[in-house]
């Protein structure tokens with residue numbers, strides 16, 4: 001069995017070999033640019049691990065794995081326009097480096113390429129893979145829209161938040177694993193268990209992200225610590241604190257969330273202090289752990305090589321104790 | 001055999017039945033809105049006619065036909081953002097009625113829906129249909145980018161222009177027919193002839209559009225007559241006039257194309273007078289007729305019911321003598 005870093009290397013090599021040299025270059029250069037900015041290649045790694053888990057050939061799964069990464073990066077290209085994000089992985093985002101029109105259209109053609117790579121599977125599973133991929137793609141779009149709606153919504157609840165991150169983040173991890181499992185020869189039932197592993201892992205992963213934003217080590221966390229607090233982003237911590245804060249805590253929270261109140265370090269420290277008093281970090285960790293347990297429970301149901309299952313388990317655990 | 005208007009009715013009915021009621025409504029309302037703005041349903045009609053030509057069931061082809069129309073409208077939704085077009089079929093475009101972010105993301109999910117309807121074909125032709133659809137989709141994106149590049153390009157040639165409209169407009173007509181043919185049971189060779197019919201018809205159709213913009217009957221032409229002239233759009237007439245104008249005509253063309261020179265009726269009349277002196281209308285009609293002939297030649301190569309071929313021929317001819 002290959003290690004995670006060997007799988008990442010395989011994927012990176014496949015991505016470099018799939019450089020798009022077609023015309024017009026305005027459409028294809030941004031695809032190459034974004035795909036080569038790197039990243040953990042989490043989704044294609046999961047796809048390949050799933051194929052391997054059921055004894056399938058990792059090399060045979062490489063095109064669909066690149067397809068998943070193309071899809072993920074297509075969503076980033078369009079999300080960055082919508083979020084007006086100037087940076088992606090520390091470099092200029094596509095719409096910032098070129099322009100919005102190019103980021104729209106290059107993203108569209110990238111989406112076609114994602115389908116083109118994704119369908120490089122055997123005829124016997126083609127339709128099922130397509131159904132999963134399309135369902136996942138719709139889910140990611142729905143999650144992004146709900147996330148944007150939250151910006152202007154009052155009273156977002158924890159179940160609504162969990163549903164949003166399930167759609168926006170978790171379905172794609174689950175979908176990657178489910179497609180990989182089918183390529184590896186798993187039956188539909190086993191593939192669904194692996195989907196459930198990925199979906200629950202994805203929710204736990206996003207909750208971890210919410211926690212790291214506030215409590216991450218500033219030296220190791222890639223983004224600005226407290227960024228979610230500064231932008232009043234409705235994370236688990238934000239929503240939970242809203243739910244349970246009373247009296248002075250509630251007043252102080254409302255004060256700091258008013259854009260006219262102070263910002264910067266002062267705001268981050270004040271809100272973090274409230275979070276500490278309310279114990280929302282612990283509540284978030286409990287929620288995260290409950291999803292991690294659901295993920296591992298689903299993994300246990302799968303009838304496959306114990307060592308390979310163990311590797312997936314370790315990978316999941318490492319993802320959830322990361323510091324960046 | 002069903003008449004064109006019967007086919008249009010079938011398609012309109014299928015579209016109304018496929019109203020999207022999913023959440024979040026921000027993503028699905030714009031799809032319903034745009035799909036119900038109407039239009040000639042040219043692409044799905046061609047798809048159904050192609051299925052019928054080879055003796056297939058039009059009802060069985062209805063989902064992919066709706067898929068083609070979804071795809072076409074997805075490209076309109078994104079193109080309208082890029083072109084900053086406030087109107088579509090006389091109503092507010094999606095980005096104008098909602099906002100750009102919604103038009104981007106609703107378009108993305110519409111594209112997924114297009115794939116979802118498109119793959120409702122028999123297993124035996126699924127992969128081929130997908131390949132044609134994806135190739136067509138990439139072509140349309142490429143054509144749109146090249147068209148945008150033309151805005152700032154000097155010295156665009158007629159072959160470059162024809163290639164642009166082939167990608168942006170004609171491939172989708174060809175692709176619709178080719179997919180319809182496969183659904184109807186045509187072999188790959190016959191389906192390709194029908195593709196060629198559609199592609200050449202599409203080029204002729206676009207050239208006709210260029211001519212109508214200048215010489216159309218203002219009472220019948222849906223858009224403002226002379227709109228292409230006012231925006232200095234690089235149409236066949238524009239490029240051809242550039243190529244052949246000499247002396248005073250050339251000077252006058254350059255004068256009017258300077259944004260600081262007059263605009264409005266004066267500009268349209270002056271440039272039309274130059275076009276008349278140069279005879280570019282006739283040259284455009286000759287070019288259009290040569291593509292129409294290629295289209296009809298390809299149609300003749302097809303071994304199918306003579307009456308149904310005749311119906312396609314008539315449909316093509318009517319498209320090319322339209323006044324709007």
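The values are calculated or read from the model by the stated rules, or taken from the named source; none is laboratory data. Please read these numbers as outputs of a predicted model, since none were measured by experiment. We place every Cβ from the backbone using ideal geometry, glycine too, and count neighbours over all the protein chains shown.
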- Message: If residue A:37 meets every condition in (1) out of contact with any strand residue (DSSP E or B) (no Cβ under 7 Å at 6 or more places or on another chain); (2) over 16 Å from residue A:179 (Cβ atoms); (3) in a loop (DSSP other than H, G, I, E, B) apart from one, which number is that one?
- Response: (1)
- Note on the structure: Quick count over region B:140-158, residues being within 14 Å of another protein chain (Cβ to nearest Cβ) and closer than 20 Å to residue B:237 by Cβ, is 10
- Message: Can you say whether residue A:81 is assigned to a helix (DSSP H, G or I), more than 18 Å from the chain's Cα centre (by Cα) and within 11 Å of chain B (Cβ to nearest Cβ), as far as the supplied structure shows?
- Response: no
- Task: Answer yes or no as to whether residue A:20 is crowded, with 23+ Cβ neighbours inside 10 Å, touching a helix residue (DSSP H, G or I) at 6+ places or on another chain (Cβ under 9 Å) and within 14 Å of chain B (Cβ to nearest Cβ).
- Result: no
- Query: Has region A:236-245 got at least one residue that is surrounded by fewer than 15 Cβ atoms within 10 Å (Cβ to Cβ) and either touching a strand residue (DSSP E or B) at 6+ places or on another chain (Cβ under 9 Å) or on the phi < 0 side of the Ramachandran plot (or both)?
  - Reply: yes
- Message: For the structure I just gave you, tell me whether residue B:227 is at positive phi and not assigned by TED's automatic domain parsing to the domain that holds residue B:5.
- Response: no
- Query: closer than 30 Å to residue A:242 by Cα, within 10 Å of chain B (Cβ to nearest Cβ) and surrounded by 23 or more Cβ atoms within 10 Å (Cβ to Cβ) - does that describe any residue in region A:90-107?
  - Reply: no
- Query: Given the structure, is residue B:85 under 28 Å from residue A:72 (Cβ atoms) and assigned by TED's automatic domain parsing to the domain that holds residue B:32?
  - Reply: no
- Item | Which numbered condition residue B:116 misses (of (1) within 9 Å of chain A (Cβ to nearest Cβ); (2) surrounded by fewer than 21 Cβ atoms within 10 Å (Cβ to Cβ); (3) free of Cβ contacts under 8 Å to residues at least 24 places away in the same chain; (4) closer than 26 Å to residue B:17 by Cβ) | (3)
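Yes/no matrix, rows are residues, columns are (1) closer than 22 Å to residue A:195 by Cβ; (2) touching a strand residue (DSSP E or B) at 6+ places or on another chain (Cβ under 7 Å); (3) assigned to a helix (DSSP H, G or I):
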site	(1), (2), (3)
A:71	yes, no, yes
A:77	no, no, yes
A:85	no, no, no
A:96	no, no, yes
A:107	no, no, yes
A:110	no, no, yes
A:115	yes, no, yes
A:121	yes, no, no
A:130	yes, no, yes
- Query: Given the residues B:32, B:73, B:12, which is the only one that is under 17 Å from the mean Cα position of the chain (by Cα), away from chain A (no Cβ under 13 Å) and at pLDDT 95 or above?
  - Reply: B:73
- Check residue A:207 against each of (1) crowded, with 20+ Cβ neighbours inside 10 Å; (2) in the same structural domain as residue A:290 (by TED's automatic domain parsing); (3) under 29 Å from residue B:123 (Cα atoms) and name the one condition it does not meet. (3)
- Task: Output the number of the condition that residue A:2 fails; it satisfies all remaining conditions of (1) in a loop (DSSP other than H, G, I, E, B); (2) more than 30 Å from residue A:295 (Cβ to Cβ); (3) more than 21 Å from the chain's Cα centre (by Cα).
- Result: (2)
- Task: Kindly check whether there is at least one residue in region A:45-62 that is buried (at least 24 other Cβ atoms within 10 Å of the Cβ) and farther than 23 Å from residue A:202 by Cβ.
- Result: no
- Task: Inspect region B:236-243 for any residue being under 19 Å from the mean Cα position of the chain (by Cα) and either touching a residue at least 40 places away in the same chain (Cβ under 8 Å) or within 30 Å of residue B:117 (Cα to Cα) (or both) and give the result as yes or no.
- Result: yes
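Which residue, of A:170, A:137, is buried (at least 23 other Cβ atoms within 10 Å of the Cβ) and at the interface with another protein chain (Cβ under 9 Å from one of its Cβ atoms)?
Of A:170, A:137, the one residue that is buried (at least 23 other Cβ atoms within 10 Å of the Cβ) and at the interface with another protein chain (Cβ under 9 Å from one of its Cβ atoms) is A:137.
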